[in-house]
């Protein structure tokens, strides 16, 4: 559950496909396989991030879902 919204999310922390296996639908199939699992646990969305400049990931996630522009901060532990 999220505290700032009344919904649950599944978060894909890192989705990477070996270069030799790219463009074969592997990431799409993994995401589609996760959808019923997330739904069965009450999640309304699957949340994934992409970095600026990672065109293939941005294109994939744009095709599969709704883009949200957010701020991300790295806070040093020093």
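Remarks
- Of all the listed residues (47, 3), the sole one being within 28 Å of residue 73 (Cα to Cα) and surrounded by 14 or more Cβ atoms within 10 Å (Cβ to Cβ) is 47.
- Residues being part of a helix (DSSP H, G or I) and either more than 14 Å from residue 15 (Cα to Cα) or touching a residue at least 60 places away in the same chain (Cβ under 8 Å) (or both) - total across the range 30-54: 6
- Residue list for the range 55-77, restricted to those being assigned to a loop (DSSP other than H, G, I, E, B) and either free of Cβ contacts under 8 Å to residues at least 12 places away in the same chain or over 11 Å from the mean Cα position of the chain (by Cα) (or both): 66, 67, 68, 69, 70, 71, 72, 73, 74, 75, 76, 77
- Applying the condition of being in a loop (DSSP other than H, G, I, E, B) and touching a strand residue (DSSP E or B) at 6+ places or on another chain (Cβ under 7 Å) to the range 6-27 and asking which residue is surrounded by the most Cβ atoms within 10 Å (Cβ to Cβ) yields 15.
The numbers here are math on the coordinates, done by the rules we state, and not lab data. Given the structure is predicted, the values throughout are model-derived calculations rather than measurements. Here Cβ is always computed from backbone atoms with ideal geometry, including for glycine, and neighbour counts include all displayed protein chains.
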